[in-house]
1. Quick one: in segment 8-44, of everything that is under 20 Å from the mean Cα position of the chain (by Cα) and not in a helix (DSSP H, G or I), which residue is surrounded by the fewest Cβ atoms within 10 Å (Cβ to Cβ)?
2. Would you please list the contacts, defined by Cβ atoms under 6 Å and residues six or more apart or on different chains, that run from a residue in segment 68-97 that is in contact (Cβ under 8 Å) with a residue 12 or more places away in the chain and at positive phi to a residue that is in a strand (DSSP E or B) and surrounded by 14 or more Cβ atoms within 10 Å (Cβ to Cβ)?
3. Restricting to segment 126-156, count the residues that are over 26 Å from residue 29 (Cβ atoms) and crowded, with 18+ Cβ neighbours inside 10 Å.
4. Whether any residue in segment 90-106 is assigned to a helix (DSSP H, G or I), crowded, with 20+ Cβ neighbours inside 10 Å and in contact with a strand residue (DSSP E or B) (Cβ under 8 Å, 6 or more places away or on another chain) is what I want to check.
5. Hey, residue 74 hits all of (1) under 19 Å from residue 176 (Cα atoms); (2) touching a strand residue (DSSP E or B) at 6+ places or on another chain (Cβ under 7 Å) but one; which does it fall short on?
6. Which members of segment 130-169 meet the condition of being free of Cβ contacts under 8 Å to residues at least 24 places away in the same chain and under 13 Å from the mean Cα position of the chain (by Cα)?
7. Out of segment 107-129, which residues are more than 24 Å from residue 64 (Cα to Cα), assigned to a loop (DSSP other than H, G, I, E, B) and touching a residue at least 60 places away in the same chain (Cβ under 8 Å)?
8. When only residues in segment 45-79 that are assigned to a loop (DSSP other than H, G, I, E, B) and within 22 Å of the chain's Cα centre (by Cα) count, which is surrounded by the most Cβ atoms within 10 Å (Cβ to Cβ)?
């Protein structure tokens with residue numbers, strides 16, 4: 001096939017695919033939230049994560065940078081040019097939301113704040129939270145995100161929480177790995193297209209990924225060493241999710257005698273847990 005024909009076909013197909021992105025990549029319906037939460041409780045291995053509504057993370061997609069002066073904006077912390085993909089997935093590795101196109105120099109916390117999901121508080125619904133890595137702030141408003149405790153850990157309660165949290169959150173890293181494995185020529189080398197067109201190509205790959213997941217076409221992922229790691233940020237106390245994270249940690253470390261009680265309540269008070277242990 002002549003190169004000129006390919007250069008016309010690819011943009012046309014990608015543009016057509018963008019018209020159906022919201023039919024393929026979308027947030028769960030209210031009646032589906034219980035199933036989503038059950039998936040994360042299964043992944044994490046504890047009922048405390050039944051309120052998890054998704055795992056969020058970002059990854060770099062290599063591109064050929066534009067000419068100066070815009071080039072410097074595309075250079076990421078690993079010193080290669082890229083655009084960013086922020087993805088939210090469910091426990092099965094299906095994308096629930098994607099935000100694509102920030103330049104590689106942007107860290108994940110800023111990318112989160114710029115995303116429509118955050119600015120319009122579209123997801124998760126009240127009572128649920130997302131699982132994110134240490135590059136995100138721990139929040140309860142406008143979007144609830146639970147992150148791991150930072151090192152050094154203060155107690156075995158925090159260490160236990162981090163272990164369970166990692167089990168649930170790692171599904172987004174596996175999802176990115178599968179995405180990159182399936183389209184190696186796109187994700188494992190620099191995209192030889194205009195950076196402005198790259199987000200649509202990545203979006204088309206995410207659409208096809210969800211279709212493959214729906215059809216049971218699963219691949220083993222490759223290891224991804226291009227994860228985004230943001231800077232630690234100060235979060236307003238009214239927005240912080242530290243209180244919710246503390247209650248989750250206490251619930252995860254509660255003695256077996258409280259198992260029945262925990263099944264009936266979303267969280268157990270940190271103060272109640274401390275008093276119980278003192279007795």
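The values are calculated or read from the model by the stated rules, or taken from the named source; none is laboratory data. What you see is a predicted model, and the numbers here were worked out from it, not measured in a lab. Note that each Cβ is placed from the backbone with ideal geometry, even for glycine, and that neighbours are counted across all protein chains shown.
1. Once the filter is applied, the top-ranked residue is 29.
2. Sorted first by the residue in segment 68-97, then by its partner, the list stays empty.
3. Residues in segment 126-156 being over 26 Å from residue 29 (Cβ atoms) and crowded, with 18+ Cβ neighbours inside 10 Å: 7 in total.
4. Let us first name the residues in segment 90-106 that are assigned to a helix (DSSP H, G or I), namely none.
Scanning segment 90-106, I find no residue that is assigned to a helix (DSSP H, G or I), crowded, with 20+ Cβ neighbours inside 10 Å and in contact with a strand residue (DSSP E or B) (Cβ under 8 Å, 6 or more places away or on another chain), so the answer is no.
5. Residue 74 satisfies all of (1) under 19 Å from residue 176 (Cα atoms); (2) touching a strand residue (DSSP E or B) at 6+ places or on another chain (Cβ under 7 Å) except (1).
6. Once the filter is applied, which keeps residues that are free of Cβ contacts under 8 Å to residues at least 24 places away in the same chain and under 13 Å from the mean Cα position of the chain (by Cα), segment 130-169 yields only 166.
7. 122, 123, 124, 125, 127, 128
8. Initial filter on segment 45-79 (assigned to a loop (DSSP other than H, G, I, E, B)): 45-46, 64-70, 76-79.
Add one more test, that the residue is within 22 Å of the chain's Cα centre (by Cα), and what stays is 45-46, 76-78.
Values: 45: 13, 46: 21, 76: 19, 77: 14, 78: 11.
Selected residue: 46.
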